[in-house]
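The values are calculated or read from the model by the stated rules, or taken from the named source; none is laboratory data. Since the model is a prediction, treat every value here as computed from it, not as a measurement. Ideal geometry is used to build each Cβ from the backbone, glycine not excepted, and the neighbour counts take in all protein chains shown. Areas reflect the complete protein model, heavy atoms only, side chains present, ligands, DNA and RNA absent. Shrake-Rupley method; radii C 1.70, N 1.55, O 1.52, S 1.80 Å.
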Amino acid sequence: DARLPGKRPGAGPPPPRRSERLAAAPESTARSTVQYLSEALRNAGNNEALQHGACLGIGLAAMGTGNERLFEELKTVLFFDSAVAGEAAAYGIGLLLAGHGCAATDDDDAARGGGLARAAVAELLAYAHETAHEKIIRGLVLALALVVFGREAAAEPVIEQLCRDRDAIVRYGGAYAVGLAYAGTADNAAIGRLLHIAVSDVSDDVRRAAVTNLGFLLFRTPSKVPTLVSLLAESFNPHVRYGACLAVGIACAGSGDPKALGLLEPMLADQVDFVRQGALLASALVYMQQSEMAAPGVKAFRDKIASIVKDKYPSMLTKLGAIVAAGILDAGGRNCAVALRSNSGGFLKASACIGLALWAQHWYWYPMQHFFSLALSPSMLVGLNQDFKLPAAFKVTCATSPAHFAYPPKLKEKKEVKKERVVTAILSTTLKQQARDKAKAAEKELQEAAEKKAAAEPADDAADHAASNSTPTDAAAP
């Protein structure tokens, strides 16, 4: 909190998106949180970092409330036409109006705040055609996709407008509008539309988005997804292969499905680096909370991630995928998993679907990775007594082997062992040869010494003979 603007005198501006941390505040403090963020947005001036964080924070803290005052504040920032702040304001509007899409009847329109959503859809779509910033256009069309979340047939007018647009970025939002409007329904018409876009659109980004959103449509029936995207996973277009990876990861998250893992395994060695990244992310999603007993391949996958991270010369995108995949595997201290529906499968988790849809935008901006936490659900066992209070202590009997739920072993630090010099073994034949060599050397030395001695003896004899023949000279007379 001390790093947030206004908390410390003389404190510098916080890093981008710092204000988003307040989105995790308890419900009792949500109102004060939104009020604080609104004041931070008004006092941000021209600081794009603060505007960006405050806009996203407002969207997260007031998600789905449809507050008209907050909508006007975010729209004001949007119309300043600043690329960074405008993109965040667009996302904030989409989060604020999530699920408030055009209502089918007037009664629904009044009950769901559809009047504001209807006006917002018209304004956002018009501004998407006016602005020249691609970041803002992408934020606007994603906001429109969030507005029609879960609206199914009522979202068709917006979907038609987006999917038939000449701008590829707008059509990109149309693919997400189809996926989020029919999330979890497995609607045949929506599946057919996305498959048609995936094979016919001229934009790689749109095709990738269309394949990715098949995962949102079919996460209630995850076993169908690997079969559906198997041919797309072999496409010549790497963007389609990447989308197939994410579709399988989103639909089969935490399942350990062997078919899904079999489809992803060849793409871990794909020639294109971002396809390998998508395969790593999707495999990590499928392996979430899977023990070695439940999914034997998880150990080899962890080892592969570790080797990519340690490697000095991998592609940057592949290394990023390995790092994020490691975080996904161990999310929440290995006590969380991605869950887009309730445990019984009865209802859809809107925040989880929205979180994964925005997380997928990390393709364009890495900090969107933070939205992944919205899709996580803790896997815990809570015991309550008859008064709905936590008992002091209780036990649960589990007949399953503990290995089925075992955590992976902790990493062990490798200790350097000093290598002792080993005495080289000498063969008997070698010893014999060395003895023979020594004997020959000694014999050679004796022979050379004898030759030197023999050569020196005649020289001494000649000197003695010369001395004996010489006569002494007479001394001179005084």
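Before moving on, here are some points about what is shown:
- In straight-distance terms, cross-link reach from residue 444 covers every one of the lysines whose alpha-carbon lies under 20 Å from its own, apart from those fewer than eight places away in the same chain; here that gives 432, 452, 453.
- Put simply, the amide H of residue 64, placed in the peptide plane, has neighbours under 5 Å in 96, 97, 98, leaving out anything fewer than 5 places away on its chain.
- For the chain: accessible area per residue (Å², 1.4 Å): 55
- Mean sequence separation of contacting Cα pairs (under 8 Å, at least six apart), scaled by the length of the chain, corresponds to a relative contact order of 7 percent.
- The rule of thumb for compact globular proteins, 2.2 N^0.38 Å, goes into the C-alpha radius of gyration of region 188-306 1.01 times.
- Each Lys and Arg Cβ is given +1 and each Asp and Glu Cβ -1; about its Cα centre, region 224-323 then shows a dipole of about 160 debye.
- The simple spin-label model puts a point 7 Å past each Cα toward its Cβ; for residue 452 and residue 164 those points are separated by 11.3 nm.
- Per atom type, the chain shows carbon and sulfur on 56% of its accessible surface, probed at 1.4 Å.
- C-alpha long axis of helix 297-310 to longest principal axis of the chain, angle in °: 70
- Under 5 Å, built H, 5+ apart or other chain: amide partners of residue 336: 379
- Only Lys, Arg, Asp and Glu carry charge here, each on its Cβ (+1 for the first two, -1 for the last two); on that basis the chain has a dipole of about 1440 debye about its Cα centre.
- Only Lys, Arg (+1) and Asp, Glu (-1) charged, at Cβ; region 140-264 dipole about Cα centre in debye: 180
- For the chain, the orientation-averaged shadow of the C-alpha convex hull comes to 54.8 nm² (one quarter of the hull surface).
- Annotation: amide H of residue 148 within the under-5 Å range of 99, sequence separation 5 or more or interchain, hydrogens built in the peptide plane.
- Between residue 386 and residue 435, the modelled label-to-label distance comes to 9.8 nm, taking each label 7 Å out from Cα in the direction of the beta carbon.
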